1. Restricting to the stretch 99-117, give me the number of residues that are more than 12 Å from the ligand (Cβ to nearest atom) and buried (at least 21 other Cβ atoms within 10 Å of the Cβ).
2. Which number in (1) within 17 Å of the chain's Cα centre (by Cα); (2) surrounded by 15 or more Cβ atoms within 10 Å (Cβ to Cβ) marks the one condition that residue 75 misses?
3. Between 48, 93, which is assigned to a loop (DSSP other than H, G, I, E, B) and under 25 Å from residue 213 (Cβ atoms)?
4. Of all residues in the stretch 218-271, count the ones that are within 16 Å of the ligand (Cβ to nearest atom) and more than 23 Å from the chain's Cα centre (by Cα).
5. All but one of (1) within 12 Å of the ligand (Cβ to nearest atom); (2) surrounded by fewer than 20 Cβ atoms within 10 Å (Cβ to Cβ); (3) modelled with pLDDT of 95 or more hold for residue 196; state the number of the condition that does not hold.
6. Quick one: in the stretch 21-35, of everything that is assigned to a loop (DSSP other than H, G, I, E, B) and touching a residue at least 40 places away in the same chain (Cβ under 8 Å), which residue is surrounded by the fewest Cβ atoms within 10 Å (Cβ to Cβ)?
7. Six or more apart or on different chains, Cβ atoms under 6 Å: show the pairs whose first residue is in the stretch 38-54 and modelled with pLDDT of 95 or more and whose second is near the ligand (Cβ under 6 Å from one of its atoms).
8. Scan (1) within 10 Å of the ligand (Cβ to nearest atom); (2) more than 13 Å from the chain's Cα centre (by Cα) for the single condition residue 120 breaks and write down its number.
Ligand code: BYC
């Protein structure tokens, strides 16, 4: 007798509850597959679009040492994008379709990358805060239930912690420098603090996917839990730098054992998510033109692959 969908779903949930990973050839509910395509591809797009704000400073890094580290970081992000696109492809969608979704504006990528990098201190702030936030979210994802995603995350997290350190070290150098350098660091913190908190997504009460994703162990913690964890870790780091977090309501709450913090501007968040942030258009234009300009490379690679295949077939047969 063939298994009914209900029975398959029950077995699937039991497997997840028992802590087993789901692998590409395992049966999975269609919604589980689609949720993963959405989340992993958004993550991949974020890595690739995330190269742009930092790439803006490669030619203007203040020393050779800084330039080498920044170049390596941006290259790592390209690598993360590639692992993540590959992980998404295991769910039965092609890379061309994924790119099409990004270029048409259908697919989302992280809101954070729609803000401009105005000074060198922004490169420090991105490493410290943006990679710092990414690590908090991604350490959780190393235990996500879909095998290829969880495994990609292990390597990505190792590289992200190096990125976070290089960012914090830039901030430390600026904060130990002249008043002008310290002012640049404070200005960068002022501009990146709130957008970094928004990276974790809407409040739990407004989150569409959290409940189901927690049940399927795609997410192990909610958006608000991760946001709080990030604030609790990051505020003492700002204090060590001698910088002021731009939130007058930020206060340690002894009873909760956490920092209380002010209201996030959710209107700004949704505007950025909907495509109306300061750099949304610029970012998508850059990705589209990179894709168009790279057409000849893809064609040459395909022609070479076809030729190799013909050669192989001729040898075999
Ligand atoms: N930006 O129900 P929710 C990095 C969307 S780090 C834009 O809570 P979910 C990097 C969400 O997609 C950044 N959109 O969703 C670091 C949904 O809309 P749709 C990338 C956002 O998925 C340094 C709606 O709002 N990290 O790459 O359960 C340098 C409702 O949200 C955002 C990842 O992608 C946002 N911030 O939870 C370079 C981590 N937040 O899809 C690169 C993997 C929410 O229904 N992703 N939305 O139209 C996740 O962990 C989860 O997808 C999120 C959101 C926690 C982000």
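1. Pass one, the stretch 99-117, residues more than 12 Å from the ligand (Cβ to nearest atom): 99-100, 102-104, 116.
Cutting the leftovers down to buried (at least 21 other Cβ atoms within 10 Å of the Cβ) gives us 102.
Of the residues in that region, 1 qualify.
2. With (1) within 17 Å of the chain's Cα centre (by Cα); (2) surrounded by 15 or more Cβ atoms within 10 Å (Cβ to Cβ) applied to residue 75, the lone miss is (2).
3. Details: 48 fails: assigned to a loop (DSSP other than H, G, I, E, B).
Sole residue among the options that is assigned to a loop (DSSP other than H, G, I, E, B) and under 25 Å from residue 213 (Cβ atoms): 93.
4. Total meeting the criteria: 0.
5. With (1) within 12 Å of the ligand (Cβ to nearest atom); (2) surrounded by fewer than 20 Cβ atoms within 10 Å (Cβ to Cβ); (3) modelled with pLDDT of 95 or more applied to residue 196, the lone miss is (2).
6. The first filter runs over the stretch 21-35 and keeps only residues assigned to a loop (DSSP other than H, G, I, E, B), leaving 21, 23-29.
Those left that are additionally touching a residue at least 40 places away in the same chain (Cβ under 8 Å): 21, 23-24.
On the way: 21: 17, 23: 11, 24: 14.
Taking the candidates together, the pick is 23.
7. Taking only residues 6 or more apart or on different chains, the pairs are 42/108; 46/110; 47/77; 50/77; 51/77.
8. Single failed check for residue 120: (1).
The values are calculated or read from the model by the stated rules, or taken from the named source; none is laboratory data. Computed from a prediction, not measured in an experiment: that's the story for all the values here. Note that we place each Cβ from the backbone using ideal geometry, even for glycine, and neighbour counts take in every protein chain shown.
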